[in-house]
1. When only residues in region 86-112 that are crowded, with 18+ Cβ neighbours inside 10 Å and at pLDDT 95 or above count, which is farthest from Leu66 (Cα to Cα)?
2. Among the listed residues Leu13, Leu8, Leu65, identify the single one that is at pLDDT 70 or above, of a type outside the set (D, E, K, R) and either touching a strand residue (DSSP E or B) at 6+ places or on another chain (Cβ under 7 Å) or farther than 24 Å from Val122 by Cβ (or both).
Amino acid sequence: MRVVSLALAMSVLLPVSAAYANTQVVAVVKSASADISPVKPHTAVINATVELPNTCWSHPRLKRLLNGPAPPADGIIGFAVQADVKTGGLCGQVVRTVPAPAFTWTNVRVSDKGVKVIGTRVPVVAMFHRP
C-alpha cells in the first residue's frame, strides 16, 4: 500500500517540478555598443547589457533580425535580445543586469551605420565606431 501511495505522490509532483525552458525576447535593454574591427573592415562586435526580471530568465543572446534582401534605408540593422525562460517552477524575484555574450557579425556593409538592439520595450541604437 505504501508503494502505491508513494508512486501516486510522485506522479503528482513530477509535472510541477519538471520545468522546461522556452525562448522569449528580453524586455529591457540597458546599453549597447558596436565596434568595427580595425583589422577586418567587414566585421563588427556587438555588445549589449540587459535586465533579466527574475531568476527564471537566463542565457541572454543577440539574434540578428533579417531585413530582407535590401539593406535598410537608414543603415541601422536590427538585433533582438533573446533569453531562455524556465516555466513551471518557482522563480526568485531578483532583477539582474547582465551582459549578453558578444555577437561577432562578419558581413557588415559599408552602408551600414549602426545597430538597433531591440527588447520588448524601448530599443537602444548604437552607431558603429569605425577605425
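1. Taking the candidates together, the pick is Ala100.
2. Leu65
The values are calculated or read from the model by the stated rules, or taken from the named source; none is laboratory data. Model, not experiment: these values are computed from the prediction. Neighbour counts are summed over all protein chains in view; Cβ atoms, including those assigned to glycine, are modelled from backbone coordinates with ideal geometry.
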